[in-house]
1. Does Gln397 meet the test of being more than 16 Å from the ligand (Cβ to nearest atom) and surrounded by 15 or more Cβ atoms within 10 Å (Cβ to Cβ)?
2. Leu88 - would you say it is at pLDDT 95 or above, touching a Pro at 6+ places or on another chain (Cβ under 8 Å), of a type outside the set (Ser, Thr, Tyr) and buried (at least 17 other Cβ atoms within 10 Å of the Cβ)?
3. Restricting attention to region 404-446, and to residues there that are closer than 19 Å to Glu219 by Cα and part of a loop (DSSP other than H, G, I, E, B), which single residue is most open to solvent (accessible area, probe 1.4 Å)?
4. Within region 140-254, which strands (runs of 3 or more DSSP E) (wholly inside it) include 2 or more residues that are at pLDDT 95 or above and away from the ligand (no atom under 16 Å from the Cβ)?
5. Go over the candidates Pro299, Pro281, Pro295 one by one and state the one that is open to solvent by 20 Å² or more (accessible area, probe 1.4 Å), away from the ligand (no atom under 16 Å from the Cβ) and modelled with pLDDT of 95 or more.
6. Could you check Gly48 against (1) open to solvent by 50 Å² or more (accessible area, probe 1.4 Å); (2) within 25 Å of the chain's Cα centre (by Cα); (3) within 18 Å of Arg136 (Cα to Cα) and say which number it fails?
7. Only helices (runs of 4 or more DSSP H) wholly contained in region 303-376 count here; list those with 1 or more residues that are among the small types (Gly, Ala, Ser), open to solvent by 10 Å² or more (accessible area, probe 1.4 Å) and within 16 Å of Glu242 (Cβ to Cβ).
8. Right, Phe275: under 20 Å from the mean Cα position of the chain (by Cα), open to solvent by 30 Å² or more (accessible area, probe 1.4 Å), within 16 Å of the ligand (Cβ to nearest atom) and of a type in the set (A, V, I, L, M, F, W, C) or not?
Amino acid sequence: MSATAASTAQALDATHDPLASSWVESANVDGCDFPVQNLPFGRFAQPGQGADARVGVAIGDQVLDLSRAAPLLGQGANDALRAALRPLGAGDLGAFMALGHAAWHAVRAALSQGLRAGSALQGALAGCLLAQRDARMLLPCHIGDYTDFYTGIHHATSVGRLFRPDNPLMPNYKWVPIGYHGRASSIVPSGEPVRRPHGQLRAPDQEPRLAPSQRLDYELEIGAYIGPGNALGEAVDIAQAEQQLFGVCLLNDWSARDVQAWEYQPLGPFLAKNFATTVSPWVVTLEALAPFRSPLVRPAGDPAPLPYLHSAANAAAGAIDLQLEVWLHTARAREAGEPPVRLSRSDWANAAYWTLAQLVAHHTVGGCNLRPGDLLGTGTLSGPLPEQAGSLLELSQGGRQPLAVGGGEQRSFLLDGDTVILRAWAEREGARRIGLGECSGTVLAA
Ligand code: MN
């Protein structure tokens, strides 16, 4: 039973057919993040069309408005599909996350059929589309709790080296998925500006003072939304852990490095991290990512995970092969009409030491309850090479080595007016490329 349950999120079916196309023409364009094989969910408002939040599905450069499309998809459907569509029609993506994998699977199949070329529903569903540029994207759901992990082993090693050159990786790292409980109240959707935070700064040999952070940074991460959740006191077995994962997004864990350096001992991150976290608005389901699964690779000689962090399915395909990029658009470049510049590129499977299933198993092993819509962050996903780093702290070697960002400009850390853009996509032979869209935020003056 557990092997079957673990494999459901990884099973391929007609919704993944790489040859399928959509009657929404923009979804068929090469390099499009949202072809008919993706079908990510988000929540939006339409300025001028009432303030109500609605749930939509991204298809090409359009949004399928489920407040109107859900009843059409439910016509003649069985009770289970109609029940699964109900919260989507009502604008409550969190309630849909709570329904679990069978409901997600049924709705994905119905969306895939409805949006495919030749669908009998084309005429009716065409009236439920709006352009993505006309939708104001919101957070996908109420996020009750947010936990940020530290799964990027190359990030942990290079940041550790800045502080402890002789002993960069802490002895617990390869045994415990390290994390901390973050702050859910300051999570904002992509596009929302982020104000430079004040905090206690302490220059060497000086008294601490309250001032705007001078070492503002981003962190390239993937976020994952929890589905049904678990009861308090009941651990989630790793074989069932992917049943708890609805989907993923991009996540920028903005960080004030100078505040962090002074405050982090002994209890870890606090004000350096809690002023803002930006998430991309489209939640790409684990099911959409099924063609892009990878083995969990551990270097020879590393300790085997403790039994509660191991399953055959997780070892064979627990990782997800996702390409990641960070781009910077400075105020000067924007004003000059120049495009953003790419700061780094990495990939999730090679950056992360722990899989999402391991994070769920570890988070709950002591009995902690996860609830629908809770958000997990992976931690900074830096590649093994210096230029693949997912933060400026690493790229500038702690601020000592400013990097060129085009037009004669340099950065050690972010300046006011800088826009940070995260991008991710999955691409593999025999599958249709899908993307996560963008996670973007602009720094405002303190
Ligand atoms: Mn982080």
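The values are calculated or read from the model by the stated rules, or taken from the named source; none is laboratory data. Just so it is clear, the model here is predicted, and its values are computed rather than measured. Positions of Cβ are generated from backbone atoms using ideal geometry, with glycine treated the same way; all protein chains shown enter the neighbour counts. Heads up: the accessible areas ignore ligands, DNA and RNA and are worked out on the full protein's heavy atoms, side chains in. Shrake-Rupley method; radii C 1.70, N 1.55, O 1.52, S 1.80 Å.
1. When the stated conditions are applied, Gln397 passes them.
2. When the stated conditions are applied, Leu88 does not pass them.
3. Leu415
4. Because the criterion is at least 2 residues that are at pLDDT 95 or above and away from the ligand (no atom under 16 Å from the Cβ), the strands (runs of 3 or more DSSP E) in region 140-254 that meet it are 198-201, 209-212, 220-226, 245-252.
5. The match here is Pro295.
6. Condition (2) is where Gly48 drops out.
7. Here the list reads 312-317, 348-351.
8. Spelling it out, Phe275 is indeed under 20 Å from the mean Cα position of the chain (by Cα), open to solvent by 30 Å² or more (accessible area, probe 1.4 Å), within 16 Å of the ligand (Cβ to nearest atom) and of a type in the set (A, V, I, L, M, F, W, C).
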